[in-house]
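The values are calculated or read from the model by the stated rules, or taken from the named source; none is laboratory data. Predicted, not measured: the structure shown is a model, and the values here were computed from it. As a convention, Cβ positions derive from the backbone with ideal geometry for all residues, glycine included, and neighbour counts pool all protein chains shown. Areas reflect the complete protein model, heavy atoms only, side chains present, ligands, DNA and RNA absent. Shrake-Rupley method; radii C 1.70, N 1.55, O 1.52, S 1.80 Å.
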Amino acid sequence: MDTIDLSNLNRQFLFRQKDVGRSKAETAAEFINTRIPLCRVTPHNCKIQDFDEDFYRGFHLVVCGLDSVVARRWINGMLLSLLEWDEDTGELDKSTIVPLVDGGTEGFKGNVRVIYPGVNACIDCTLDLFPPQINFPLCTIAHTPRLPEHCVEYSRVLLWPKEKPFGEEINIDGDDPQHISWIYEKARERADQFGIPGVTYRLTQGVVKHIIPAVASTNAVIAAACTTEVFKVVTSCCNPLNNYMVFNDSDGIYTYVYEQDRNPDCLACSKVPQKLELLPTSKLQDLLDHLVNSPVYQMKAPGVTTSIGGKNKTLYMQTPVSIEEATRKNLKLTLAELGLVDGCQLVVADTTTPAAVVFELKFKTD
């Protein structure tokens, strides 16, 4: 759903100035199909989450160049969900594996990895390798802003839920120019009020989407490495990368390849039941905060359901608004007050994975 910005033209060579404002997917497909007559690229100007398993099962290989950790974890979870195992032997059916070539950059740093789902380390196995997201204290955003970023976060975190500019159940879409423009205008008003310079449309988009300025040379190296790995995988002309390459050209040029081990307790690929250890007196809000803040889980907006007395019960869901309002009161209740017992199962849904994650609740003693 991303559109072409003027700043893209210095490094994204498929686009021209006349293309500014157009869909990146559609413009890139049009360029390639014209340039290479025997090639047929089909663009999809939508979110990756809009497609189901049948769509992704039709690919021999997936190349991932996404700009967020959440999206990477989602596609990782989708490819893992396609795997099948032999019922008698428990062996993985290798024909159900869809390899993933993933590349990413952050300024002068980059990485490339080749993932065979169910075989080697997946995206979630290496969550600790991703840089932590920068968060600003809510009290600073609300009362004592000092930076242009504080003004943008004020508009995004506080004003958007309050004013609901595009409707009750519409969440912020960082790729929607109307959403970014609304946040930008509100941030400018906030900045003018406190005499803070530097609020621009580009800054607003960067804060909302956690964008780090791109460096053309780094992008070129990582793109070339991804292309090489794709060629090796589809032709079997050479052994593919095993399985993680890091690149850094901030001070000279440094590159290193190593084999990233699978995490035996990985949330996505380990097939090991996940345990949550909390006190019976812990509140449901504490449980959700743990799922969000824990470096192991790093969820974004978890929703929790369970079964009590043989009946399914929704403990909390952020969307739709009607369910959020109905379950909000549960956030202040303790796990014991909610009727949860030691050993019960909690089913957690989150935007970081297409499949729900089942946890076993274990009560700790003081």
Exercise for review: Might you tell me the accessible area per residue for the range 16-108, computed with a 1.4 Å probe and given in Å²?
Suggested key: 60 Å²
Point to revise | Distance between modelled label sites at N242 and H210, nm, 7 Å Cα→Cβ extension | key: 3.3 nm
Review point. Each residue of the range 302-314 in order: what ³J(HN,Hα) in whole Hz does its phi give by Karplus 6.51 cos²θ - 1.76 cosθ + 1.60, θ = phi - 60°, with x for Gly and Pro?
Key: x, x, 10, 10, 8, 10, 10, x, x, 10, 5, 9, 8
Point to revise | Residue-wise HN-Hα coupling along the range 180-190, computed from phi with Karplus coefficients 6.51, -1.76, 1.60 (Hz; x: Gly, Pro) | key: 5, 5, 5, 5, 4, 5, 5, 5, 4, 4, 5
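Using 0.36 nm per residue of separation minus the Cα-Cα distance, give me the extension gain between V119 and S7 in nm, one decimal. All intermediate terms of the calculation are to be shown ahead of the outcome.
Values: separation 112, 0.36 × 112 = 40.32 nm, distance 3.90 nm.
Going from the current span to full extension adds 36.4 nm.
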Practice item. Just need the relative contact order of the range 208-353 here, percent rounded to a whole number, with Cα pairs under 8 Å and 6+ apart. Key: 16 percent
Point to revise | Rg/Rg_globular for the chain, with Rg_globular taken as 2.2 N^0.38 Å and Rg from C-alpha atoms | key: 1.09
**Study point:** nm² value of the averaged projected area, convex hull over the Cα atoms of the range 1-159
**Key:** 13.6 nm²
Check your understanding: To the nearest 500 deg cm²/dmol, what mean residue ellipticity at 222 nm is calculated for the chain from DSSP H runs of n ≥ 4 alone, each contributing -39,500 (n - 2.57), summed and divided by the residues?
Key -> -9000 deg cm²/dmol
Review point. Length gain on complete extension for the stretch N293 to D265, per 0.36 nm per residue less the alpha carbon to alpha carbon distance?
Key: 8.3 nm
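For an R0 of 22 angstrom, estimate the FRET efficiency from the Cβ-Cβ distance between D286 and T144 and round to the nearest 0.05. Please list the in-between numbers first.
On the way: r = 28 Å, r/R0 = 1.25.
Calculated value: 0.20.
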Practice item. Using a 10 angstrom cutoff on alpha carbons, build the Gaussian network for the chain and name the most mobile of L129, L315, L338. Key: L129
Review point. Q274 versus D93, label points 7 Å from Cα toward the beta carbon: distance in nm?
Key: 2.6 nm
Check your understanding: At each listed q (0.12, 0.15, 0.20 Å⁻¹), what is the log10 of I(q)/I(0) that the Debye formula gives for the range 279-355 modelled as equal alpha-carbon point scatterers?
Key -> -0.31, -0.50, -0.91
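Between Rg and the Kirkwood Rh of the range 255-313, both from Cα atoms, what is the Rg to Rh ratio?
Working: Rg = 15.7 Å, Rh = 14.3 Å.
Here the Rg-to-Rh quotient is 1.10.
Given R₀ = 45 Å, what would the calculated FRET efficiency be for K232 paired with T319, taking r from the Cβ atoms and rounding to 0.05? Don't jump to the answer; show the numbers that get you there.
Working: r = 42 Å, r/R0 = 0.92.
Efficiency for this residue pair is about 0.60.
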Study note, to complete from the structure: Any residue on another chain or 5+ positions along whose placed amide H is under 5 Å from the amide H of Y316 is listed here as V304
Revision key, fill the gap. Expected unfolding gain across I32-A301 under the 0.36 nm per residue rule, minus the alpha-carbon gap, is 93.1 nm
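When ligands, DNA and RNA are left out and all protein chains stay put, how many square angstrom of accessible area per residue does the range 220-272 have with a 1.4 Å probe?
Numbers: 3300 Å² over 53 residues.
In whole numbers, the range 220-272 has 62 Å² accessible per residue.
Contact order normalised by length for the chain, with contacts defined as Cα pairs under 8 Å and 6 or more residues apart; what percent is it? All intermediate terms of the calculation are to be shown ahead of the outcome.
On the way: 553 pairs, mean separation 57.5, N = 366.
Once normalised by length, the contact order is 16 percent.
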Exercise for review: Using a 1.4 Å probe over the heavy atoms of the protein chains, calculate the carbon and sulfur portion of the accessible area of the chain as a whole percent.
Suggested key: 54 percent
Study note, to complete from the structure: Placing each pseudo-label 7 Å from Cα in the direction of the beta carbon, C39 and A356 end up separated by a distance in nanometres of 4.3 nm
